[in-house]
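The values are calculated or read from the model by the stated rules, or taken from the named source; none is laboratory data. Since this is a predicted model, take the numbers as computed values, not measurements. Please note: Cβ atoms are built from the backbone with ideal geometry, for glycine as well, and neighbour counts cover all protein chains shown. What goes into the accessible areas is simple: the full protein's heavy atoms, side chains included, and nothing from ligands, DNA or RNA. Shrake-Rupley method; radii C 1.70, N 1.55, O 1.52, S 1.80 Å.
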There are 2 protein chains.
Amino acid sequence: MALHSPLLKAPVTTADRVLQEIQHAIVEGDIPAGSKMSEPELAKRFQVSRAPLREALARLERCHLVERLPNVGARVVRLSVESLRALYELREELEGLACRLAAEKMPESEVQSLKALLDKHLATQRVSEGESYYQEEGDLDFHYRVILGSDNSYLINILCDELYYLARMYRVQLGMNGPRVSRAFDEHRAILQAIANRDGELADLLMRRHIRASRDNIEIQLREIEEQT
Amino acid sequence: MALHSPLLKAPVTTADRVLQEIQHAIVEGDIPAGSKMSEPELAKRFQVSRAPLREALARLERCHLVERLPNVGARVVRLSVESLRALYELREELEGLACRLAAEKMPESEVQSLKALLDKHLATQRVSEGESYYQEEGDLDFHYRVILGSDNSYLINILCDELYYLARMYRVQLGMNGPRVSRAFDEHRAILQAIANRDGELADLLMRRHIRASRDNIEIQLREIEEQT
DNA sequence: AAAGCCATAATTGTCGACAAGTTTGAAACG
DNA sequence: CGTTTCAAACTTGTCGACAATTATGGCTTT
């Protein structure tokens, strides 16, 4: 599933493989938020020794999916309004910057290619309206490619490796509901148009709004759940 | 040396200790930029087994001081104009954001405490003019505390853990020369004043300029060296 | 009965050895 | 003489076992 995604590099080492498996399990909620991650237990579950497992845990900490304490161990992070705020506050700023840079640097051919991608999304959306999976992948592809257009390796690393999976965890577990889905498409179009016009300032502004809207959507769901407890 | 720095957490595990030692060695240039890092060699040099050493290498990769390839190994990064541009482009944006947030959220007591810190720096500078060590530590302390004032854990993590040491490596190896040193003090004062006035927009702008100036300074040194080759 | 303490069990951190992969360099070939 | 091939040497990745630290649970004490 989703093996075509540009974000999934082919695993070369055992640690790579188990990282991807655990990452997926956490994002999807198969390993529940807040739970303790026992090294012996996970090693048995994924049929590996503790060495590559610990390597995987270290990388999971790097992308903020687990928290580790020396001599104590690792826990899956808990989703919270406070963490969501901090995460999206940062994404707003960084993806806004990515847009500004992409407007300056993205080659014309890539802009055209992105336009074609959005047209494909639109067609796909018509076929399966409300189908969140395609939408989500499409949304991610769009963001992903804009970020790559920034041509800043540190920015790309932060957004695509370190913040990506946590943001995805919020979206997968708290979902994106009805009307928001189709609106996101229009916002993508507007952002890309600004980039095509080489209007970095506008692309920045539109992307910030786009991310803010996405955050508001998730925060509503999250508050409902937090109040239940 | 520099054990009082707020950035240096007390090492609890062997991996922590060797990480700090290697980190220091790379930043200071004792392990030269671009050189291969042999695991057996480093293990012998620091008197540890390869397990904690590999843990340290993983964290060095995280803060962009080394690059690793599967089944090949780790190399110390090379300093380049292109990498400097990307790094400072990002720092400008992120520390600008930190200033804006700090202007909103930093408690009054912390603002006062920072004022006292700058006064102390000024006194210290008079005592040892041109002494780059104190200046540098002081500069870092200032930036560090403004970042903490942002109250955004992901932002703090990126700036203080992941980008900090590479930025420091550029500064240590390419230096901060004469007139820039004293100017930095004045810029700090202006930034802090804006934060004290709760003028986030201005603090953002001033911090961006401050970082841009610092970058220009380093880039000049770097270009000279690159042309020599 | 609640709080503190100690021994025990379980977990994490580290080690040395083996397996799998890559680099090196010399011999064979064009 | 330059290029290719291949094997030996070395490096990285993985494993199982041991050491050090933390969590558990029953016992004592007040």
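Key figures
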quantity	calculated
Exercise: per-residue mean of other protein chain Cβ atoms within 10 Å, B:48-55	1
Leading residue at positive end of dipole, chain B (Cβ point charges), from B:Tyr170, B:Leu69, B:Ala43	B:Ala43
Convex hull volume per residue for the range B:150-229, taking Cα atoms only, in Å³	99 Å³
Heavy-atom surface of the range A:6-76, accessible at 1.4 Å and reported per residue (Å²)	51 Å²
Copy-to-copy label separations for B:Glu227, where each label sits 7 Å from Cα toward Cβ, in nm and ascending	6.6
Angle between chain B longest axis and helix B:164-174 axis [Cα atoms, degrees, rounded to 10]	90 degrees
Two-site FRET efficiency, B:Ala33 against A:Ala33, from Cβ-Cβ distance with R₀ of 56 Å, rounded to 0.05	0.85
Convex hull of Cα atoms in chain B, direction-averaged projection (nm²)	13.2 nm²
Where B meets A: accessible area buried, both sides, 1.4 Å probe, Å²	2600 Å²
Helix-derived mean residue ellipticity, 222 nm - over chain A, DSSP H n ≥ 4, -39500 (n - 2.57), to 500	-23500 deg cm²/dmol
Degrees between helix A:50-62 axis and first principal axis of chain A (Cα, 0 to 90, nearest 10)	40 degrees
Alpha-carbon gyration tensor eigenvalues x 5, square-rooted, for the protein assembly as shown, Å	36, 29, 23
Angle in degrees between helix B:132-149 and the longest Cα principal axis of chain B, rounded to the nearest 10	70 degrees
Most mobile of B:Glu41, B:Glu162, B:Glu67 in a GNM of chain B (Cα contacts under 10 Å)	B:Glu41
Top of A:Pro52, A:Pro70, A:Pro32 by mean-square fluctuation, Gaussian network on chain A, Cα under 10 Å	A:Pro70
Fraction of accessible area attributable to carbon and sulfur, the range A:155-229 (%, probe 1.4 Å)	48 percent
Candidates A:Phe142, A:Phe46, A:Phe185: whichever shows maximal mean-square fluctuation once chain A is modelled as a Gaussian network with Cα springs under 10 Å	A:Phe46
Copy-to-copy label separations for B:Ala123, where each label sits 7 Å from Cα toward Cβ, in nm and ascending	7.3
Only Lys, Arg (+1) and Asp, Glu (-1) charged, at Cβ; the range A:82-228 dipole about Cα centre in debye	300 debye
All Cα pairs of the range B:6-76, percent lying beyond 13 Å	63 percent
Average other protein chain Cβ within 10 Å of Cβ, residues A:210-219	0
Label distances, nm, B:Ser109 versus same residue in remaining copies, Cβ-directed 7 Å point	6.0
Residue-normalised accessible area of the range B:82-228, given per residue in Å² at a 1.4 Å probe	43 Å²
Between the range A:5-43 and the range B:1-75, the alpha-carbon center distance in angstrom	26 Å
